[in-house]
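Novice: I'd like to ask some things about the structure below.
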Amino acid sequence: MDDDTTITSLHQPGSVEDPLTEIARDGARRMLAAALRAEADAFVAQHAEETLPDGRQRVVRHGYGPERSIQTGIGALEVRRPKVRDRASDLPAEKRIRFSSAILPRWARRSRSLDALLPVLYLRGISTGDFQEALSALLGTDAPNLSPNVISRLTGEWQHEYDRWQRRDLSARRYVYVWADGVYLQARMEARAECMLVILGATPEGKKELVGFQVGVRESAQSWRELLVDIKTRGLKVPPEIAVGDGAMGFWKALDEVFPSTRHQRCWVHKTANVLNKFPTSMHPSVKADLRDIWQAETRAAAEAAMDTFAEKYGTKYAKAVTCLTKDREALLAFYAFPAEHWDHLRTGNPIESVFATVRHRTVRTKGALSQKTAKLMVFKLVQAAAKTWRRLKGANQLPQVIEGVTFTDGVADRDTETRAA
């Protein structure tokens, strides 16, 4: 019979033909099997001197476990874990020598890199029902261990991680600056939106960290007080030098009670928006330019002069706008008493706003979290993920002077000014 055939293998919908990937998977499968054998052999060799009373070696290889599929970044790999046996059967179970593979843990079904990838994809907007479709090209159409139920169990792991983080000791930490803000998220299964209260801090090395996070009842003074007291109770005894936030009165009242020596700096982005709301839309470009002249002035004296000019220019017709600006004069210009290199960081609450932008993107993509618990954990994980890319403060070398209590005038240390004058 002729070996030639007219039957052609058709490409299945949803599958991707990639010989290169198949070769890589086959090579990875062989290398994994070899590594597991080498690991088991090394463990047996480590206990080679231990023998039984009859002279036989106590720890020996004992075949393989059943074949199982492990999901990795290049797809599923079928592996069999080598088994090791302790022949000292007369010993209690707790005294027997047991082999545990560091490469392939006993109950592992996915590689650690894939375990890290799944929550990132979920947090970035892929819903649990879309995981298999999104990953089929990479892991194969029949990829196991990626069902919605498996993904949903991630929230349980996040809860344990959140609980541990909330109990961490802060006695060895110091935060020179802090930023505080809240965001409202409406869960689909909840009647009202609750506020996520977030505090970020700058360490003496200029690194930004998540300091405190919890769900509050609006941005009330009591909710902020609970968060600040919790931070202080867990060891944060040294108060921050300055706190940056918007005009929510609850935070500032609570801050004065818990850390009374911390200075206030109002966010210029929020203040600009509040002032613009009291002007006609047609005037916004010119008003915004006048406000920019204030907070971008090189000295505090120039900023105060620009603020006085603003009040004189608009006070007659737009008195409410002028009052909105001038009533917080001291808090808006507090940044001039700190290093000029830090002004960009201190004038706005942008470190938190950028985090909330990611949160809002995620909730829009998934039409909101199902519950406030899910929303809380999602915000917590998103903030942690964002923290990996946060940039250090510019001019971090100035922070030791701030900690020492050096006085700054218009962004320049007074002792530096005295040195140059001498």
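Novice: How large is ³J(HN,Hα) for each residue in segment 248-254, as worked out from phi by the Karplus curve 6.51 cos²θ - 1.76 cosθ + 1.60 (θ = phi - 60°), to whole Hz, x for Gly and Pro?
Specialist: 3J(HN,Hα) across segment 248-254, in whole Hz: 4, 5, x, 5, 5, 5, 5.
Novice: Can you give the Rg to Rh ratio of segment 224-271, both from alpha-carbon atoms, with Rh computed by the Kirkwood formula?
Specialist: My calculation puts Rg/Rh at 0.98.
Novice: Expressed as a fraction of 2.2 N^0.38 Å, the rule-of-thumb size for a compact globular protein of N residues, what is the C-alpha radius of gyration of segment 32-72?
Specialist: 1.49
Novice: What are the semi-axes of the equivalent ellipsoid for segment 288-356, taken as the square roots of 5 times the Cα gyration tensor eigenvalues, largest first, in whole Å?
Specialist: With the √(5λ) rule applied to segment 288-356, the semi-axes are 23, 15, 10 Å.
Novice: Still on this structure, please answer the following. Step through the residues of segment 78-86 one at a time and calculate ³J(HN,Hα) from phi using the Karplus curve (6.51 cos²θ - 1.76 cosθ + 1.60, θ = phi - 60°), rounding each to whole Hz and writing x for Gly and Pro.
Specialist: Listing the rounded values in order: 8, 9, 10, 7, x, 10, 10, 10, 9 Hz.
Novice: While we're looking at this one, here's another question. In Å and whole numbers, how far do the C-alpha atoms of segment 200-328 stretch along each principal axis, longest first?
Specialist: If we take the Cα atoms of segment 200-328, the spans are 50, 33, 22 Å.
Novice: Per residue and in cubic angstrom, what volume does the convex hull of the Cα atoms of segment 235-300 have?
Specialist: 100 Å³
Novice: Tell me, M196, M283 in order of fewest to most beta-carbon neighbours within 10 Å? Provide the component values of the computation, followed by the final result.
Specialist: Values: M196 23, M283 14.
So the ranking, lowest neighbour count to highest, is M283, M196.
Novice: How would you rank D90, D328, D414, going from fewest to most other Cβ atoms within 10 Å of each one's own Cβ?
Specialist: The fewest-first ordering by Cβ neighbours comes to D90, D414, D328.
Novice: Under the rule of at least 5 residues apart or a separate chain, name every residue whose amide H is placed under 5 Å from the amide H of V60.
Specialist: Result for V60 returns R85, R87.
Novice: Here are some pairs, K207/K237; K232/K381; K208/K376; K237/K327; K232/K278; K278/K373; which of them have Cα atoms lying more than 27 Å apart in this structure?
Specialist: From K207/K237; K232/K381; K208/K376; K237/K327; K232/K278; K278/K373, over 27 Å: K237/K327; K232/K278; K278/K373.
Novice: Can you give the extra length, in nm with one decimal, that the chain gains between W165 and Q57 once fully stretched, where that is 0.36 nm per residue apart less the Cα-Cα distance?
Specialist: 34.2 nm
Novice: Here is a follow-up. Taking every Cα atom in segment 19-111, find the radius of gyration and the maximum pairwise distance Dmax, and write them in Å.
Specialist: 15.9, 55
Novice: With viscosity set to 1.567 mPa s and temperature to 4 °C, compute the Stokes-Einstein D of segment 174-404, Rh being the Kirkwood radius across alpha carbon pairs; µm²/s, no decimals.
Specialist: Estimated diffusion coefficient is 69 µm²/s.
Novice: Using a basic spin-label model with each label point 7 Å from the Cα along Cα→Cβ, how many nm lie between K253 and E298?
Specialist: So the two model labels end up 4.2 nm from each other.
Novice: Taking neighbour counts of Cβ atoms within 10 Å as a proxy for exposure, in what order, fewest first, do Y318, Y64 appear?
Specialist: Details: Y318 19, Y64 15.
Ascending Cβ contact count within 10 Å gives the list Y64, Y318.
Novice: 5 Å is the cut-off here: which amide hydrogens, built 1.01 Å from N in the peptide plane, fall below it relative to T348, excluding neighbours closer than 5 in sequence?
Specialist: W268
Every read-out reported here was derived from the displayed coordinates using simple, explicitly stated rules and does not represent laboratory data. All of these numbers come straight from a predicted model, not from anything done at the bench. Cβ coordinates were reconstructed from backbone atoms using ideal geometry, including for glycine residues, and neighbour counts include every protein chain displayed.
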